[in-house]
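Participant: I have a structure I would like to understand better, so I am pasting it below and will then ask my questions one at a time.
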Amino acid sequence: MDTSPQQTIILSNMDTFSLIAVEVNRKLARTRWKRPSLTTVLLVYLTVTSALVTIAYGEQRFVQQPENVTVKHGESVTLPCKIADRKGAVQWTKDGFGLGTDKDLLGFSRYRMNVDETAGVYNLHIQPVLVEDDARYQCQVGGAEGERHLKSATATLTVHFPPTDSPDQVCVCVCVCYFIMFRNT
């Protein structure tokens, strides 16, 4: 029978558990305490086995979560989301509204989920950032069988609109006004 390295670890840990259980029973036999019931032994066995499976295969969790960020209107931004041992579907939300689970977020042409499944990366990229993108964003992972649903920290994206009067525009206006004032005198 071929076994993977993870299965080998679990099997060897189960053998270790069996040896511990036998030793505990021997010690209990030498004391006044009565032996645990079959129900107690099975409960302990299932608890330890469940813990070993969780350790070997891991529970989905966030490694990196999005943080508050401020950008200028027209620039691009990437909100990070990295997940270890992902089992459920990943989606981003904007002000509580789900954007979808596909890489290309349909209906949101400027939004894209940059995905590297082997590294657990599910970053949200927005380009160009517009004023209507000023919102609260969250990365979420659906609960798969035996897994809990995850919600990242909520990150606020603040969009600053640059001033309409840039130094070049002010200079042009002053020069034109100066020329018009002195031309008429």
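Participant: Pick out the one residue from ASP104, ASP134 that is surrounded by 12 or more Cβ atoms within 10 Å (Cβ to Cβ) and of a type in the set (Asp, Glu).
Facilitator: Within the list ASP104, ASP134, the selection yields ASP134.
Participant: Okay, moving on. Only one residue in LYS151, LYS72 is modelled with pLDDT of 95 or more, loosely packed, with under 14 Cβ neighbours inside 10 Å and within 17 Å of the chain's Cα centre (by Cα), so which one is that?
Facilitator: Being modelled with pLDDT of 95 or more, loosely packed, with under 14 Cβ neighbours inside 10 Å and within 17 Å of the chain's Cα centre (by Cα) holds for just one of LYS151, LYS72, which is LYS151.
Participant: Out of GLY88, GLY74, GLY107, which single residue is assigned to a loop (DSSP other than H, G, I, E, B) and closer than 24 Å to ARG61 by Cα?
Facilitator: One residue alone meets the criteria, GLY88.
The values are calculated or read from the model by the stated rules, or taken from the named source; none is laboratory data. All of these numbers come straight from a predicted model, not from anything done at the bench. In this analysis, Cβ positions are derived from the backbone assuming ideal geometry, glycine residues included, and neighbour counts consider all displayed protein chains.
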